[in-house]
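Presented below is the structure to which this report refers.
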Amino acid sequence: MTDLLRQEIAIAAGTIVVKVGTRVLTQDNGLLDQGRITELAGQLHQVIATGRRVVLVSSGAVGAGMGRLGLKRRPDNLAQLQAVAAVGQSVLVEAYERSLRTHGHHAAQVLLTAEDLDHRTRYLNARNTILSLLELAAVPVINENDTVAVDELQTTFGDNDRLAAIVTNLIRAPLLVLLSDVDGLYDGDPGDPASRVIPTVERLDQSIFDLVRDRSGGLGKGGMASKLEAARLVTTAGENAIIVGGHTPNVLVRILAAEPVGTLFLAQGQTVAARKRWIGLTVQPRGHLLLDAGAREAIQRHGRSLLPIGVLRAEGQFGKGDVIGLRDPDGVEFARGLTNYNADDVRRIKGLKTDQIAAALGHCPYDEVIHRDNLVLTAGATTH
């Protein structure tokens, strides 16, 4: 059975980002499941054969390293964890290359860090590299560079679900597919036989996040909460996302055939320009401004710039040109933007009218703290 909406989305998806999780790729003992890699490579080949381009974001490096080294538990020591990831990366990319080569394709390993994505020039370089690999008909296999990352290994900031969403926005792919160890988002506890997979989510609001039933333990770091956050980042940018069971036979082919598998998260509004995706949906803010209700209304409802008079408080240390988050009087972030002033200057001009800036600072380089062209609404973006 096909779904007309899904059919429309599948037809428009000329480029697809596929993220596969650790639990999908590894056996219970932590060893990489070569059979799963082979089967996934076959599916990727079928997608490419339709004329589409595919980018793969793959977890499994730590699990693969544990299997190769004969470890039974994920190391707690950071240096050991990075060493295990280094061993696992080679195992992982070798497995993909071996399987893809049988179909006439090659795997191209791309390792990224959060710093790469926060830095504008490096962000653009990463995009150009990935697009060039696609032009060469290679399959980019992307993972976080766990061997040099520190905070990324210890928090959800470095989760590959979020990385996959950022890559989707980076190359403006119309569709993100998150292959999970569950069949989608359930309307109750996935372990309850009465629970059912929700086929379509039109709006990803708090009621959807409240459905999350994450599990703890195992090799994977991600869970349904991180997948929902990834879906939010993508749909906010105007693209679509699907969370679906990675063990479902021929699942990628079935998605392209518009079969109602998994949970489809629909794009929210028009597609967001590439630069604004970087500002609002990729970079982690260097600080925050607490605004009054009037400033929020002007920005959110009327598309205005942020003026000093609407700023109640500046939090953190940031410089001119940094991305900062904007919070309403309740402390909820609703937008991000590039600031024209550093933190100290903002503290000196907060609450002032524009014609008072020069007296406070000795000069007035900008009327706005953040110009509307450099503002992006994030509609309740979470911070990390």
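The values are calculated or read from the model by the stated rules, or taken from the named source; none is laboratory data. As the structure is a prediction and not an experimental result, all values here were calculated from the model. So basically every Cβ, Gly included, is an ideal-geometry build from the backbone, and we count neighbours across all protein chains shown.
Points to keep in mind about this one:
- Options ALA298, ALA293, ALA343, ALA257: the member that is over 24 Å from the mean Cα position of the chain (by Cα), outside the structural domain of ASP118 (by TED's automatic domain parsing), surrounded by fewer than 16 Cβ atoms within 10 Å (Cβ to Cβ) and among the small types (Gly, Ala, Ser): ALA293
- Checked against (1) at positive phi; (2) under 16 Å from the mean Cα position of the chain (by Cα), LEU233 passes all but a single condition, namely (1).
- Within the stretch 4-24, considering residues that are buried (at least 17 other Cβ atoms within 10 Å of the Cβ) and over 20 Å from the mean Cα position of the chain (by Cα), the one nearest to ILE171 (Cα to Cα): ALA10
- For ARG101, the requirement of being farther than 24 Å from GLU229 by Cα, surrounded by fewer than 22 Cβ atoms within 10 Å (Cβ to Cβ) and in contact (Cβ under 8 Å) with a residue 12 or more places away in the chain is not met.
- Number of residues in the stretch 124-139 that are within 12 Å of GLN109 (Cα to Cα) and of a type in the set (D, E, K, R) equals 0.
- Top-ranked residue in the stretch 175-208 [being surrounded by 12 or more Cβ atoms within 10 Å (Cβ to Cβ) and of a type in the set (S, T, N, Q); ranked as farthest from PHE334 (Cα to Cα)]: SER195
- Among the conditions (1) small (Gly, Ala, Ser); (2) crowded, with 17+ Cβ neighbours inside 10 Å; (3) part of a loop (DSSP other than H, G, I, E, B), the only one that GLY269 does not satisfy is (2).
- Counting only strands (runs of 3 or more DSSP E) that fall entirely inside the stretch 286-346 and contain at least 3 residues that are touching a strand residue (DSSP E or B) at 6+ places or on another chain (Cβ under 7 Å) and within 11 Å of ILE370 (Cα to Cα), the qualifying elements are 323-327, 333-338.
- Note on the stretch 1-119: enclosed strands (runs of 3 or more DSSP E) holding 1 or more residues that are among the basic types (Lys, Arg) and at pLDDT 95 or above are 15-20, 53-58.
- For the criterion of being touching a strand residue (DSSP E or B) at 6+ places or on another chain (Cβ under 8 Å) and part of a helix (DSSP H, G or I), VAL261 fails.
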